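Colleague: Just dropping this structure here.
Rule-based calculations on the coordinates, nothing more; no lab input. The shown structure was predicted, so the numbers you read here are calculated from the model rather than taken from an experiment. Virtual Cβ from ideal backbone geometry, glycine too; neighbours counted across all protein chains shown.
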Amino acid sequence: MNRPILFLSSVTLLFTLSAFVSAQNAPVQIELFHLEGCTTYMQAWNDVAVALTETGIDATVRLVPFATIEEADALHVPGSPTIKINGLDLEYYQGPGALGCRVYAENDGKGWPSMSLLTDQLFKAARVANTNML
C-alpha cells in the first residue's frame, strides 16, 4: 500500500499521510481501485489529493489493488483506475467488472477522471454525509 505514495510529491505525500491518519472516521470514504500495469492510477491518486486539498473535505482514502476478473466482478470495478466515493463509482457504474485500463469519456478519453467530476462528486458526498450527521 505504501508503494504508490512514493510517486507523490513531498507536499502531497504529507497531505496523503495526514488524510490516512487524521481522517479515519471521516464521513467521506474514497477508494481508488487499481490494476498493476495501468499506471494512470498515479494521476488519479494525485488528483484525489489535490481535490481534497482544494475543497477542504475530510476523507479517508484507500488505495485498493485488484488483479483478477473475479476481484473486479466482486468489486464492480470497470477497469483501472476506478474511484468510488462512499461506495459509489464516480460515473455511477454498477455493471460487471473489467480487467483492463479504464478510459473516462468525460475527460476526453484519458485514463483518469477529470478534476471537475472528482470535485463535484466529493462535494455531493460531503453534503450527503453532513445531512446524515444532523
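Colleague: Are there any chymotrypsin sites (Phe, Trp or Tyr not before Pro) in region 68-115 that are in a DSSP loop and have at most 10 other Cβ atoms within 10 Å? List them by number.
Modeller: Tyr92
Colleague: Please check which bits of region 52-77 a label hung off Asn130 would reach, taking the label as a point 7 Å along Cα-to-C-beta and the cut-off as backbone N under 19 Å.
Modeller: 52-60
Colleague: Note down the net charge around Ala72, summing +1 for each Lys or Arg and -1 for each Asp or Glu among other residues with Cβ under 14 Å from its Cβ.
Modeller: For residues surrounding Ala72, the net value is -4.
Colleague: If each residue's Cβ is checked for other Cβ atoms within 10 Å, how do Ser80, Ser116 rank with the fewest at the top?
Modeller: Result, fewest neighbours first: Ser116, Ser80.
Colleague: I want the local charge near Gln29. Using Cβ-Cβ distances under 9 Å, sum +1 for each Lys or Arg and -1 for each Asp or Glu among the other residues.
Modeller: Summing Lys and Arg as +1 and Asp and Glu as -1 gives +1.
Colleague: Could you work out the mean projected area of the convex hull around the alpha carbons of region 34-119, in square nanometres to one decimal?
Modeller: Computing the convex hull of the Cα atoms and averaging its projections yields 5.1 nm².
Colleague: In nm, to one decimal, how far is the Leu75 label point from the Ser116 one, both placed 7 Å along Cα→Cβ?
Modeller: 2.8 nm
Colleague: Counting Lys and Arg as +1 and Asp and Glu as -1, what is the net charge of the other residues whose Cβ lies under 14 Å from the Cβ of Arg127?
Modeller: Summing Lys and Arg as +1 and Asp and Glu as -1 gives -1.
Colleague: Quick one: if you stick a label point 7 Å off each Cα along the C-beta vector at Leu88 and Arg62, how many nm between them?
Modeller: Calculated label separation equals 1.9 nm.
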